[in-house]
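Comments concern the structure below.
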Amino acid sequence: MTAPLNILRAALARLILVVLFAVAAFSPFAIAEGWQHLGAIQHVEKLPNGVELSAGNSKVRVTVFRDGVIRVRVAPKGTFPKDTSWAVIETPEPSAINVEDGNEDVRLSTGNTQVLIHKSPLLISFADAQGRVILADESTLPMAWNGSRIRVWKKMPEDENYYGLGDKAGPMNRRNRAFINWNTDAFGWGESTDPLYKTIPFFIGLRKGTAYGVFFDNTYRSSFDFGKESPDYLSFGAEGGELNYYYFAGPDPKKVIGEYTALVGRSPLPPLWSLGYQQCRYSYYPEARAREVVSLFRQKKIPADVIYFDIDYQQGYAPFTINREYFPHFEQMIADFKSQGFHTILITDLHIKKDPNHNYAPYDSGTKQDLFVKNPDGSVFVGPVWPGPSVFPDFTLTRARDWWGTLYKDFVHMGAAGFWNDMNEPSVFERADKTMPLDTVHRLDDGSTLDHRAIHNVFGMENARATYEGLRKLQADERPFVLTRAAYSGSQRYAATWTGDNSATWNHISMSTPMLLSMGISGYGLVGDDIGGFASSPPPDLLTRWYELGVFNPIYRDHAAKGTADHEPWVSGPEQESIRRRYIELRYQLLPYIYTGVEDMTRTGLPFMRPIFLDYPTMDTFNDRDFLFGSDLYVAPVTTETVDAEEIHLPPGDWYDYWTSQNHASTEKIALNPALNELPLYVRAGAIIPMQPIVQNTQEKPIGSPQIKVYAGENCHGSLYEDDGHTFAYQRGEFRRTNYTCQISPGSLVVNATTKENKFQPWWHAAHVTIFGTPAQPKELRIGQQITRDWQYDANSHSVALTIPDARENWSVSLTF
């Protein structure tokens with residue numbers, strides 16, 4: 001009797017569940033405590049781009065935003081709010097869709113994506129063209145609300161992993177952890193600190209090589225739980241705002257990131273100089289100290305492009321002022337630095353000192369134009385920050401952003417090359433929550449208002465936006481460089497960023513890479529951290545290891561806090577200085593490869609510094625330490641104090657050791673025990689890497705020829721992108737793109753260079769080509785059809801080196817063995 005009894009019990013349980021869901025459609029009954037869940041669908045209305053579903057008093061819209069992107073919106077009380085977003089810049093594209101309204105399900109099909117909507121209760125599943133479910137609502141937890149709170153629960157397969165959410169500390173895989181999004185001034189953060197400085201409510205699910213993405217477009221305090229509450233499901237939601245999310249079908253990680261960044265925008269092409277080495281400190285003052293630092297870089301022949309000035313250059317820490325006691329010749333100093341190949345970046349925090357009747361123009365003009373954030377009673381909100389009592393521009397107003405942009409006029413005319421927007425979470429001192437009261441009022445262009453609950457997480461983004469757009473007006477054709485600490489999805493349209501106030505510890509260098517990788521796959525590819533650690537003083541070996549790792553960060557900036565030991569490359573003695581110089585020089589040698597990859601990132605959204613799974617989604621042996629720099633360089637940095645020999649697992653295919661040119665198969669086990677001056681670096685067999693001679697800064701014309709390094713192998717290709725490096729002329733077609741390929745066959749190897757887009761004249765004419773992986777010394781070598789004997793063979797590195805006299809034209813090199 002046991003089996004029939006169990007069947008009866010199961011049937012009864014199902015009946016009870018159906019009844020409960022039916023009741024939920026018409027009452028506040030909740031399956032999860034405190035939540036009112038969606039019940040059964042009573043009506044289906046077909047829309048031109050999807051369906052609108054009625055469930056009790058609630059409505060749900062499931063629409064096709066474009067092929068491969070599905071949007072879900074929920075109106076608990078049946079009325080959808082005005083459709084606006086701080087993040088989304090793309091407009092929907094008409095797509096062919098098919099809607100089938102059945103007795104139990106509604107099926108929406110478009111392209112390679114299917115949406116299956118169960119009617120009772122209302123549950124949504126996303127599937128591929130073959131009907132294989134990729135992401136599905138948890139069957140016992142339909143979407144729900146509780147007052148202003150909203151939430152979604154999704155099934156969580158045992159073998160699925162989760163990545164994204166921006167600069168979260170700890171392992172890159174988010175599984176089994178929960179996170180909060182609330183931009184926070186998190187000085188001294190650690191591995192378990194959450195939240196941090198940025199809100200990027202986007203994640204990627206990856207399972208057996210198949211990927212999808214979810215973007216929850218909600219600016220309120222939000223949370224994501226990847227199995228901490230239950231091993232059976234993940235969930236996400238917010239304390240207010242709309243339940244509004246986008247599903248990206250993928251099916252591979254690159255496609256997901258491309259779809260997401262198309263929706264929220266991609267980084268603009270930065271000036272070339274910003275990809276060089278950047279030197280910063282809190283703070284370089286007085287003027288003589290700053291001049292000494294710049295002079296030492298040039299005397300010691302350590303390449304560098306940027307020097308930063310933190311808040312001590314300002315009078316009383318008031319933004320847009322100059323402390324003339326510390327910097328009596330500020331304008332001339334900036335001009336002198338420029339003549340030495342240094343670009344000056346100035347910090348401009350968003351708080352304005354409350355300083356009436358003292359001719360402080362930012363406060364006076366902002367007050368006159370009524371541009372500052374207000375309290376609920378209509379008075380201006382005042383909070384203490386670095387200058388003391390301060391007011392805050394209402395960046396949600398276009399006229400406030402426009403005004404903010406004009407404040408940079410004098411600095412731009414002085415020759416300042418970039419600006420650093422810090423403290424823009426926004427940070428407010430002497431408050432337990434470190435920010436504005438939640439009831440402060442932000443005005444919108446249409447005359448409506450929102451409180452700080454809705455605006456907090458986008459305040460820093462709109463600050464960076466105001467800076468970027470202001471510089472576009474002031475700098476004519478010059479590309480702006482803005483660095484921001486706080487961000488929301490889409491902030492990459494306006495500014496680069498960094499991971500905030502880290503610490504000078506081995507734990508923090510080990511956390512650096514997974515944070516930067518997570519930022520990159522979250523759409524934010526122009527990112528770095530404080531080399532050496534901001535807080536406390538790094539021991540010499542740690543600082544050197546961080547200089548080595550920093551070469552392969554998109555933004556390469558050394559920074560240190562007030563009261564800590566110096567971080568400049570020459571500290572710690574000549575041995576450490578020599579190693580650090582060598583790696584900074586490597587950064588400049590790689591700039592053609594880096595600039596080419598960053599330009600590609602601005603078009604595709606794919607980060608240049610990337611996790612292994614982005615190119616090898618089925619590989620399951622990667623870790624949080626090693627990463628790809630572009631598709632062609634595999635970096636295995638040292639991030640621990642005690643280095644014991646350990647094995648690394650290269651991605652599929654063959655790889656060359658960058659330093660020795662030794663060829664390794666991915667099946668080979670490589671034991672590493674690198675000396676202090678060694679950073680394990682490998683090149684994909686099939687890569688063609690453009691490089692250049694060492695320069696002291698990006699304004700310096702290299703002496704010699706560009707170096708094209710060909711690493712023979714399968715799928716052999718590479719490219720070189722060039723433009724003037726600092727203006728928007730590239731948008732008018734003034735750039736040069738050269739594509740390289742190589743073909744290997746028994747007895748021969750051919751390298752080709754083809755330039756299709758050629759409206760920019762580079763600094764070079766000839767090119768030096770080195771071909772690694774040659775099976776033997778060639779019997780014959782031709783440039784085009786012409787036999788040449790002007791080449792060298794290196795038996796140790798199995799390479800052939802030659803010079804192409806006129807490399808601006810299309811060319812080919814043929815080797816016969």
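The values are calculated or read from the model by the stated rules, or taken from the named source; none is laboratory data. What you see is a predicted model; the values in this text were computed from it and never measured. Ideal geometry is used to build each Cβ from the backbone, glycine not excepted, and the neighbour counts take in all protein chains shown. All accessible areas refer to the heavy atoms of the entire protein, side chains included, with ligands and DNA or RNA removed. Shrake-Rupley method; radii C 1.70, N 1.55, O 1.52, S 1.80 Å.
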If we ask which residues in region 448-476 are touching a His at 6+ places or on another chain (Cβ under 9 Å) and open to solvent by 10 Å² or more (accessible area, probe 1.4 Å), their number turns out to be 4
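Applying the selection to region 234-257, what residues are surrounded by fewer than 20 Cβ atoms within 10 Å (Cβ to Cβ) and either of a type in the set (A, V, I, L, M, F, W, C) or under 23 Å from THR113 (Cβ atoms) (or both)? Can you show your working first?
Initial filter on region 234-257 (surrounded by fewer than 20 Cβ atoms within 10 Å (Cβ to Cβ)): 239-240, 251-252, 254-255.
Passing the criteria: PRO251, ASP252, LYS254, LYS255.
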For TYR547, state whether it is open to solvent by 10 Å² or more (accessible area, probe 1.4 Å) and either among the aliphatic types (A, V, I, L, M) or part of a helix (DSSP H, G or I) (or both). no
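Considering only residues of region 606-630 that are of a type in the set (Val, Ile, Thr) and not in a helix (DSSP H, G or I), which is modelled with the highest pLDDT? Even if it seems obvious, please write down each step before you answer.
Keep residues of region 606-630 that are of a type in the set (Val, Ile, Thr), which gives 612, 618, 621.
Then drop every residue that is not not in a helix (DSSP H, G or I), which leaves 618, 621.
Numbers: THR618: 95, THR621: 85.
Among those residues, the one meeting the criterion is THR618.
Tell me which strands (runs of 3 or more DSSP E) are completely within region 404-469 and hold 1 or more residues being over 20 Å from TYR197 (Cβ atoms) and touching a Leu at 6+ places or on another chain (Cβ under 7 Å), or say none if there are none.
Numbers: elements: 418-421, 441-443, 449-451.
Hits in region 404-469: 441-443, 449-451.
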(1) surrounded by 13 or more Cβ atoms within 10 Å (Cβ to Cβ); (2) within 17 Å of TYR711 (Cα to Cα) all hold for ALA776 apart from (1)
Are any residues in region 167-180 buried (at least 22 other Cβ atoms within 10 Å of the Cβ) and not in a loop (DSSP other than H, G, I, E, B), and if so, which ones? PHE179
Selection count where residues are farther than 12 Å from VAL751 by Cα, touching a strand residue (DSSP E or B) at 6+ places or on another chain (Cβ under 9 Å) and of a type in the set (S, T, N, Q), scope region 793-815: 3
Looking at region 157-166, is at least one residue in a loop (DSSP other than H, G, I, E, B), under 30 Å from the mean Cα position of the chain (by Cα) and modelled with pLDDT under 95? no
Condition test on THR755, is it open to solvent by less than 30 Å² (accessible area, probe 1.4 Å), β-branched (Val, Ile, Thr) and part of a loop (DSSP other than H, G, I, E, B)? no
Within region 758-782, residues being assigned to a strand (DSSP E or B), aliphatic (A, V, I, L, M) and farther than 23 Å from ASP632 by Cβ number 1
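Would a scan of region 213-227 turn up a residue that is part of a strand (DSSP E or B), open to solvent by 50 Å² or more (accessible area, probe 1.4 Å), closer than 25 Å to HIS37 by Cβ and in contact with a strand residue (DSSP E or B) (Cβ under 7 Å, 6 or more places away or on another chain)? I'd like the intermediate steps shown before the answer.
Our first condition is that a residue be part of a strand (DSSP E or B); within region 213-227, this holds for 213-216, 222-225.
Still in the running and open to solvent by 50 Å² or more (accessible area, probe 1.4 Å): none.
Taking every residue of region 213-227 in turn, none turns out to be part of a strand (DSSP E or B), open to solvent by 50 Å² or more (accessible area, probe 1.4 Å), closer than 25 Å to HIS37 by Cβ and in contact with a strand residue (DSSP E or B) (Cβ under 7 Å, 6 or more places away or on another chain).
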Output the number of the condition that LEU296 fails; it satisfies all remaining conditions of (1) of a type outside the set (Ser, Thr, Tyr); (2) surrounded by 24 or more Cβ atoms within 10 Å (Cβ to Cβ); (3) touching a residue at least 60 places away in the same chain (Cβ under 8 Å); (4) part of a helix (DSSP H, G or I). (2)
Which of the residues that make up region 315-339 are part of a loop (DSSP other than H, G, I, E, B) and free of Cβ contacts under 8 Å to residues at least 60 places away in the same chain? THR321, ILE322, ASN323, ARG324, GLU325, TYR326, PHE327, PRO328, HIS329
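Under the condition of being of a type in the set (A, V, I, L, M, F, W, C) and in a helix (DSSP H, G or I), which residue from region 588-605 is surrounded by the fewest Cβ atoms within 10 Å (Cβ to Cβ)? Break it down into steps so the answer makes sense when it comes.
Keep residues of region 588-605 that are of a type in the set (A, V, I, L, M, F, W, C), which gives 590-591, 594, 598, 601.
Filter once more, so that each one left must be in a helix (DSSP H, G or I): 591, 594, 598, 601.
Values: LEU591: 21, ILE594: 26, VAL598: 23, MET601: 24.
In this case the residue turns out to be LEU591.
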Enumeration of residues in region 683-708 that are in contact with a helix residue (DSSP H, G or I) (Cβ under 9 Å, 6 or more places away or on another chain), buried (at least 19 other Cβ atoms within 10 Å of the Cβ) and under 20 Å from ASN810 (Cβ atoms): ILE689, PRO690, PRO706
